[in-house]
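**Student:** Starting off with a structure, shown below.
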Amino acid sequence: MARHLVVGTGLIGRELAEQLVARGDTVIAASRSGTVVAGADAMRLDAADADAFGAAAVGADTIFLCTNPPYPAWATDWPPVFVAAIEAARRSGAGLVLMGNLYAYGVPDGPMTERTPLHPAETKGEVRRDGWFVARAAHERGELRAVEVRASDYFGPNAKGTAHLGESFFRAVLNSKKAMVVGDPIAPHSWSYLPDIATTLVAAADFSSEWGRVWHVPSNEPLSRTEIAAQVNARYGTSGRVAGYPPWMLRTLGRFNPTMREVEASSYQFRMPFVIDSAETERLLGVSATPWPEALFRTADSYR
């Protein structure tokens with residue numbers, strides 16, 4: 001029976017812990033608040049505290065780093081977390097699986113593959129790039145085994161918070177109202193389903209061959225939010241619409257609100273096609289995306 005330390009019990013960390021528990025593994029779910037996940041051992045942990053992180057990782061086969069500081073704090077909060085996670089993996093001998101995103105690729109000129117060079121377009125992307133480079137360098141020195149799993153914007157049943165394809169979007173469309181979104185509503189975009197993200201994290205940890213590399217979460221064909229709203233309307237007989245926030249509004253809000261400043265900085269992801277290619281991951285890890293209708297309507301049903 002494998003033993004895992006899942007750091008971060010947000011939407012991804014919780015789904016991951018539940019999948020690991022369901023297959024019979026032992027899981028420690030660690031977070032600042034000590035959030036309880038059914039079947040897992042809850043632990044309070046400051047992920048930036050290297051000593052505490054190292055102690056938590058003793059006996060673990062895998063460390064999954066799924067925590068995520070608030071946008072405005074990425075530049076200050078992420079570096080010590082990366083350092084602590086790397087040190088914990090080095091001391092314990094556990095494999096280190098980083099949960100990542102696509103920010104480090106910057107402005108795309110086509111689908112982003114596992115081999116696409118990293119050219120971040122703003123600070124958050126630079127932070128994610130640098131964190132991965134530090135972990136990969138430790139791997140290449142033979143100090144630990146590390147991989148990073150990258151997903152596009154997530155969605156899934158009962159996902160709360162400010163996800164771009166989350167509660168506010170679905171509730172507006174299902175109530176035949178206007179969903180306000182960042183960027184261009186008709187721009188194609190890849191969406192990663194929460195259960196598929198967790199499944200890919202598990203598969204990456206189980207992979208016995210190449211580490212020190214990047215995996216991409218399998219995601220369905222890119223769809224615009226206008227197209228998704230139309231599919232929801234057709235299914236439920238609603239008449240929801242989608243409109244984009246004016247760019248000037250995001251810039252203005254960003255002057256006073258640090259979170260909105262960071263949303264505006266990465267809004268390029270929604271003004272153009274933003275597409276993830278996971279062909280290599282699917283071939284080597286044997287994972288695939290949940291069929292789109294199943295993923296979409298399970299998610300929509302959860303908000304009805």
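The values are calculated or read from the model by the stated rules, or taken from the named source; none is laboratory data. Note that the structure is predicted; figures quoted are calculated from it, not measured. Here the Cβ is made from the backbone with ideal geometry for all residues, glycine too, and neighbour counts use every protein chain on show.
**Student:** Output the residues belonging to segment 258-288 that are among the charged types (D, E, K, R) and in contact (Cβ under 8 Å) with a residue 12 or more places away in the chain.
**Tutor:** 261, 262, 264, 271, 277, 280, 282
**Student:** Now, a different point. What about residue 84, is it crowded, with 22+ Cβ neighbours inside 10 Å, farther than 26 Å from residue 156 by Cβ, of a type outside the set (S, T, N, Q) and free of Cβ contacts under 8 Å to residues at least 40 places away in the same chain?
**Tutor:** Spelling it out, residue 84 is indeed crowded, with 22+ Cβ neighbours inside 10 Å, farther than 26 Å from residue 156 by Cβ, of a type outside the set (S, T, N, Q) and free of Cβ contacts under 8 Å to residues at least 40 places away in the same chain.
**Student:** Working only within segment 36-60, note down all residues that are in contact with a strand residue (DSSP E or B) (Cβ under 7 Å, 6 or more places away or on another chain), in a loop (DSSP other than H, G, I, E, B) and crowded, with 17+ Cβ neighbours inside 10 Å.
**Tutor:** Result: 37, 40, 45, 47, 57, 60.
**Student:** Here's a follow-up. So, in segment 233-249, how many residues would count as being part of a loop (DSSP other than H, G, I, E, B), polar (S, T, N, Q) and surrounded by 14 or more Cβ atoms within 10 Å (Cβ to Cβ)?
**Tutor:** Final tally of qualifying residues: 1.
**Student:** Let me confirm something: among 82, 133, which residue is out of contact with any helix residue (DSSP H, G or I) (no Cβ under 9 Å at 6 or more places or on another chain) and among the aromatic types (Phe, Trp, Tyr)?
**Tutor:** 133
**Student:** List, please: which pairs have Cβ atoms under 8 Å, are six or more places apart or on different chains, and start with a residue in segment 178-197 that is more than 16 Å from residue 295 (Cα to Cα) and end with one that is part of a loop (DSSP other than H, G, I, E, B) and among the charged types (D, E, K, R)?
**Tutor:** 183/271; 184/271; 187/271
**Student:** Return yes when residue 151 is farther than 19 Å from residue 278 by Cβ and under 19 Å from the mean Cα position of the chain (by Cα) and no when it is not.
**Tutor:** Working: farther than 19 Å from residue 278 by Cβ: no; under 19 Å from the mean Cα position of the chain (by Cα): yes.
In short, no.
**Student:** Residue 173 - would you say it is assigned to a helix (DSSP H, G or I), in contact with a Gly (Cβ under 7 Å, 6 or more places away or on another chain) and on the phi < 0 side of the Ramachandran plot?
**Tutor:** On the way: assigned to a helix (DSSP H, G or I): yes; in contact with a Gly (Cβ under 7 Å, 6 or more places away or on another chain): yes; on the phi < 0 side of the Ramachandran plot: yes.
In short, yes.
**Student:** Enumerate the pairs (first residue in segment 233-247 and hydrophobic (A, V, I, L, M, F, W, C); second residue anywhere and assigned to a loop (DSSP other than H, G, I, E, B)) with beta-carbon separation below 9 Å, excluding pairs fewer than 6 apart on the same chain, so at least 6 apart or on different chains.
**Tutor:** 242/185; 242/186; 242/224; 243/185
**Student:** Only one of 252, 259, 299, 281 is within 19 Å of the chain's Cα centre (by Cα), part of a helix (DSSP H, G or I) and assigned by TED's automatic domain parsing to the domain that holds residue 182; which?
**Tutor:** Answer to the check: 259.
**Student:** Quick one: residue 76 ticks every box in (1) at pLDDT 95 or above; (2) within 27 Å of residue 276 (Cβ to Cβ) bar one, so which box is it?
**Tutor:** Here residue 76 clears every test but (2).
**Student:** Sticking with this one: Select from segment 104-126 the residues that are hydroxyl-bearing (Ser, Thr, Tyr) and either assigned by TED's automatic domain parsing to the domain that holds residue 261 or not in a helix (DSSP H, G or I) (or both) and list them in ascending order.
**Tutor:** Matches in segment 104-126: 113, 116.
**Student:** Now a separate question. Filter segment 61-81 for residues that are surrounded by fewer than 22 Cβ atoms within 10 Å (Cβ to Cβ) and outside any loop (DSSP other than H, G, I, E, B) and give the result.
**Tutor:** Those that are surrounded by fewer than 22 Cβ atoms within 10 Å (Cβ to Cβ) and outside any loop (DSSP other than H, G, I, E, B): 71, 72, 73, 74, 75, 76, 77, 78, 79, 80.
**Student:** Within segment 178-190, which residues are in contact with a helix residue (DSSP H, G or I) (Cβ under 8 Å, 6 or more places away or on another chain) and at negative phi? So that I can check it myself, show each step before the final result.
**Tutor:** Filtering segment 178-190 for residues in contact with a helix residue (DSSP H, G or I) (Cβ under 8 Å, 6 or more places away or on another chain) gives 178-187, 189.
Passing the criteria: 178, 179, 180, 181, 182, 184, 185, 186, 187, 189.
**Student:** Just name the residue that is nearest to residue 172 (Cα to Cα) out of those in segment 250-281 that are at pLDDT 95 or above, surrounded by fewer than 16 Cβ atoms within 10 Å (Cβ to Cβ) and aliphatic (A, V, I, L, M).
**Tutor:** That would be 272.
**Student:** Of the residues that make up segment 85-103, is at least one at pLDDT 95 or above, outside any helix (DSSP H, G or I) and among the basic types (Lys, Arg)?
**Tutor:** Taking segment 85-103 as the starting set, the residues that turn out to be at pLDDT 95 or above are 85-103.
Those still in the list that are outside any helix (DSSP H, G or I) too: 93-102.
Okay, now just the ones that are also among the basic types (Lys, Arg), so none.
No - not one qualifying residue is present in segment 85-103.
**Student:** Tally up the residues in segment 191-232 that are closer than 21 Å to residue 60 by Cβ and either among the aromatic types (Phe, Trp, Tyr) or part of a helix (DSSP H, G or I) (or both), please.
**Tutor:** Residues in segment 191-232 being closer than 21 Å to residue 60 by Cβ and either among the aromatic types (Phe, Trp, Tyr) or part of a helix (DSSP H, G or I) (or both): 13 in total.
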